[in-house]
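Student: Encoded as structure tokens, here's the structure I'll be asking about.
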Amino acid sequence: MYDEPKEDPADHVMDPAARAREKANELRIHAEIAAVFEGNRKFGAEFLTRLDADMAREVQRTMARLEKSKDPASPVLPPPSVADATALLNFPDTRGLSTNDYHIHRRPGEVMILRWLAGPQIETFYERLQAHFDAALEGFREDEREAQGWKQDPKTLAFLEAMDKVKMNLADMHLRKEIKAHNLFVLSTQTADEMNIAYLCDQIMGVHAAEIVGPASAPPPDEPTEQERAWFYKLFLLRGIVDGIEKMCFFAFLQKSDDNEW
């Protein structure tokens, strides 16, 4: 016999279509994390841990300024922010930084990770992003059918039907066509109060957490507690066209959750 999966009582209250949209959005977020941070495992990206502290803070301040400049209802940056966005996307050219690699600045309990992509690298990113989402969506559908479909509960069946109808083109959701057509600059963000740093590093990035956050800040090797694995996490995804070349900049700020003021 097997244990039935635990169910959230709220699932029975929420409209099945709304539940499906919520789940699809959750899968999208996981797909974005995977596509942003899998470069070491899939594309030979290196972890470069000598990023200048002043440069890291400059990027942090500029990303925060860009986020504040836009309408909360839209990821499109207003015209006055174009100069800052262009400057950030051009850092590999103006500051001598490589694309594809992860540029890391860390101090105890805190780490900043920067990664730039340009040209064909972005095409690969969107292919991988969609592949991660499609695989996760199909896996979830199959798991739900096996775990819940036999119950023949009307709301459960309606939810399964709604999940079967889910379709997401993640490049379109990232406004890729609009960026190219109208030369827009777009910034979106993800935030998690408690990101499992071991999962992010070990499972997605393919390295022990100590290589990213430093040995002193990494969770202990033997059965770390949930609190020891928990980090505040914020990811900025900036994209646009500069001099006819499609460019992206990812900036991740992580801080141990027991000291998470930013």
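The values are calculated or read from the model by the stated rules, or taken from the named source; none is laboratory data. On a predicted model such as this, the values are computed, not experimentally measured, just so you know. Every residue, glycine among them, receives a Cβ derived from its backbone with ideal geometry; neighbour counts consider all protein chains shown.
Student: Which condition number in (1) of a type in the set (A, V, I, L, M, F, W, C); (2) loosely packed, with under 15 Cβ neighbours inside 10 Å; (3) in contact with a helix residue (DSSP H, G or I) (Cβ under 8 Å, 6 or more places away or on another chain) is the one that A18 fails?
Tutor: Here A18 meets the rest and fails (3).
Student: Considering the stretch 138-170 alone, what residues qualify as being of a type in the set (D, E, K, R) and within 11 Å of A20 (Cα to Cα)? Full working, then the answer.
Tutor: Of the stretch 138-170, the ones of a type in the set (D, E, K, R) are 138, 141-146, 151, 153, 155, 161, 164-165, 167.
If the condition is that a residue be of a type in the set (D, E, K, R) and within 11 Å of A20 (Cα to Cα), then R141, E161, D164, K165, K167 are the ones that fit.
Student: Do you know which residues across the stretch 77-99 are surrounded by fewer than 18 Cβ atoms within 10 Å (Cβ to Cβ) and either within 19 Å of the chain's Cα centre (by Cα) or aromatic (F, W, Y) (or both)?
Tutor: Across the stretch 77-99, there are no qualifying residues.
Student: Anything in the stretch 155-176 that is within 20 Å of M14 (Cβ to Cβ) and either aliphatic (A, V, I, L, M) or in contact with a helix residue (DSSP H, G or I) (Cβ under 7 Å, 6 or more places away or on another chain) (or both)? List them, or say none.
Tutor: Matches in the stretch 155-176: K155, T156, L157, A158, F159, L160, A162, M163, D164, V166, M168.
Student: Before we move on, is Q227 assigned to a helix (DSSP H, G or I) and polar (S, T, N, Q)?
Tutor: When the stated conditions are applied, Q227 passes them.
Student: Run down S74, S81 and say which single residue is within 27 Å of N183 (Cα to Cα) and not in a helix (DSSP H, G or I).
Tutor: The match here is S74.
Student: Under 8 Å by Cβ, and 6 or more places apart or on different chains, what pairs join a residue from the stretch 52-78 that is without any contact (Cβ under 8 Å) to a residue 40 or more places away in the chain with one that is buried (at least 18 other Cβ atoms within 10 Å of the Cβ) and part of a loop (DSSP other than H, G, I, E, B)?
Tutor: Correct list of pairs: S69/L77.
Student: Could you identify the single residue in A158, A216, A147, A210 that is without any contact (Cβ under 8 Å) to a residue 12 or more places away in the chain and surrounded by fewer than 17 Cβ atoms within 10 Å (Cβ to Cβ)? Spell out how you get there, then give the answer.
Tutor: Numbers: A158 fails: without any contact (Cβ under 8 Å) to a residue 12 or more places away in the chain; A216 fails: without any contact (Cβ under 8 Å) to a residue 12 or more places away in the chain; A147 fails: without any contact (Cβ under 8 Å) to a residue 12 or more places away in the chain.
On inspection, the qualifying residue turns out to be A210.
Student: Give me the residue from the stretch 12-33 that is more than 25 Å from the chain's Cα centre (by Cα) and part of a helix (DSSP H, G or I) and, out of that set, modelled with the highest pLDDT.
Tutor: Across the stretch 12-33, the extreme among qualifying residues is P16.
Student: Also, quick follow-up: Can you give me the number of residues within the stretch 156-194 that are part of a helix (DSSP H, G or I) and farther than 27 Å from Y233 by Cα?
Tutor: 14
Student: Could you identify the single residue in T86, T124, T156 that is modelled with pLDDT under 95 and among the β-branched types (V, I, T)? I'd like the intermediate steps shown before the answer.
Tutor: Details: T86 fails: modelled with pLDDT under 95; T124 fails: modelled with pLDDT under 95.
Checking each option against the conditions leaves just T156.
Student: Go through the residues of the stretch 203-214 one by one and say whether even a single one is modelled with pLDDT of 95 or more, among the β-branched types (V, I, T) and in a strand (DSSP E or B).
Tutor: no
Student: Looking at the stretch 84-110, which of its residues are assigned to a loop (DSSP other than H, G, I, E, B) and at negative phi?
Tutor: Across the stretch 84-110, the qualifying residues are N90, R95, L97, S98, T99, D101, P108.
Student: Further, regarding this structure: Looking at the stretch 57-68, is at least one residue over 16 Å from the mean Cα position of the chain (by Cα), farther than 25 Å from A192 by Cβ and in a helix (DSSP H, G or I)?
Tutor: no
Student: Quick check: anything in the stretch 178-191 crowded, with 17+ Cβ neighbours inside 10 Å and at pLDDT below 95?
Tutor: no
Student: Can you name every residue in the stretch 127-144 that is surrounded by fewer than 14 Cβ atoms within 10 Å (Cβ to Cβ) and over 22 Å from the mean Cα position of the chain (by Cα)?
Tutor: Answer for the stretch 127-144, where residues must be surrounded by fewer than 14 Cβ atoms within 10 Å (Cβ to Cβ) and over 22 Å from the mean Cα position of the chain (by Cα): E142, D143.
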